[in-house]
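Coordinate-derived values only; no laboratory data. Predicted, not measured: the structure shown is a model, and the values here were computed from it. FYI the Cβ positions are ideal-geometry reconstructions off the backbone, even for glycines, and counts take in every protein chain you see.
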Amino acid sequence: MSLPLDVAFAQCERHASIRMTAFNERSAQLTEAQMDSPVADLLRLLNPFVMRFTNVHVQQGHPKVCNMRALRRAGFNPPWPTEVGPTTRHFCRLWALFHVKLQDAKGHHVLRQFATDVLREPAEDAAFLKILKLLERHGYMTAQAWALQRSVRHALAHALAHALAHAFAHEYAEYMLRLVLVLNNARAKAIERFDWLFKMKSKAFSL
Amino acid sequence: MWMVLIGGHPISAKIPVMRLTPEEHLVIREASLRYFGVRPQLFGSRVDDNKRGGDIDLYIETACEPREAFGREMHLAADLCQQLGDQKIDVVVNTGRLNLPIYHVAREQGVWL
């Protein structure tokens, strides 16, 4: 992926805004009681966290979406699985992980571009950890904080995949506490990411 | 399968298969001890000698309450990500409140680190 920094920032900002809007539609801290709802309500509640991103990518014609289209052609029928089985579970997992991987890829791209174009550091071919250390030295974020963001993103993908796959089997109550914990953490991390983006963008456009 | 000598007689002993480097083994064990106070078990494809690559699947049992366990799990995963590089690491933490199928699989296949 090779995008000019302003375009990459704009894409990140769009993601961040959508996610923040999704979080703001819910109370500050989700509770298990909010998740203990009939399947239709549960899906409505989870919708902003998965579907919106997928729709955005479809509209943008992102290459990864080809996989989604290929899945549709192969007989899967998003947006929601309608039966429980290995296929549904696999699809849910793919769906959630696809989103996480896309976020990771975008994050890597923006941070590398920012380090080279704005901070004027020799980071074109640097290992990603080195880029994180550079940003840490310049006071934008820490490598530990980035790793925590990544952990929560992955946990979110898995928790959503499990919740979606099990919602139709009436087993979802078992996963609700986990999902609540992940979503509440993801909200805090989204705010932190928004703050990073704002700081980097301010610096980039002040030059 | 390794041949070992016990009392001068060769016997075959099943050595647990584990596709981790000694360094990875140590890093994972130390991190688990640091955050949960227990050794983790490795399960999944990394205990199958016939496979290549694959995620590092870890199973940890703890008496922590779920919220506390979740926080520790996130820090453990973040630490491992930093120390082991860009590897796919999945941590399954059993706080004893649920009885999920994955726990049975992990206990069955698990190799203590």
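Along the Cα→Cβ direction, 7 angstrom out, place labels at B:Lys51 and B:Gln87. What is the inter-label distance in nm?
1.4 nm
Sorting check: for B:33-44, A:179-190, which peptide has the highest mean count of neighbouring beta carbons within 10 Å, and how do the rest follow?
For the peptides B:33-44, A:179-190, the packing ranking is A:179-190, B:33-44.
Calculate the spin-label point distance for B:Ile102 paired with A:Lys130, positioning each point 7 Å from the Cα along the beta-carbon direction, and give it in nanometres.
Placing both labels 7 Å beyond Cα along the Cβ direction yields 3.5 nm.
When Cβ neighbours within 10 Å are restricted to other protein chains, what is their mean count per residue of peptide A:148-155? Intermediate values should be presented prior to the final figure.
On the way: counts 7, 2, 6, 11, 4, 0, 7, 6.
For peptide A:148-155, the averaged partner shielding equals 5.
Across peptide B:80-87, what mean number of C-beta atoms from other chains lies inside 10 Å of a residue's C-beta?
On the way: counts 2, 9, 8, 1, 0, 3, 6, 0.
Mean partner shielding for this stretch: 4.
Is there a simple number for the mean count of other chain Cβ atoms within 10 Å of the Cβ of residues in B:57-69, and what is it?
The shielding value for this peptide is 1.
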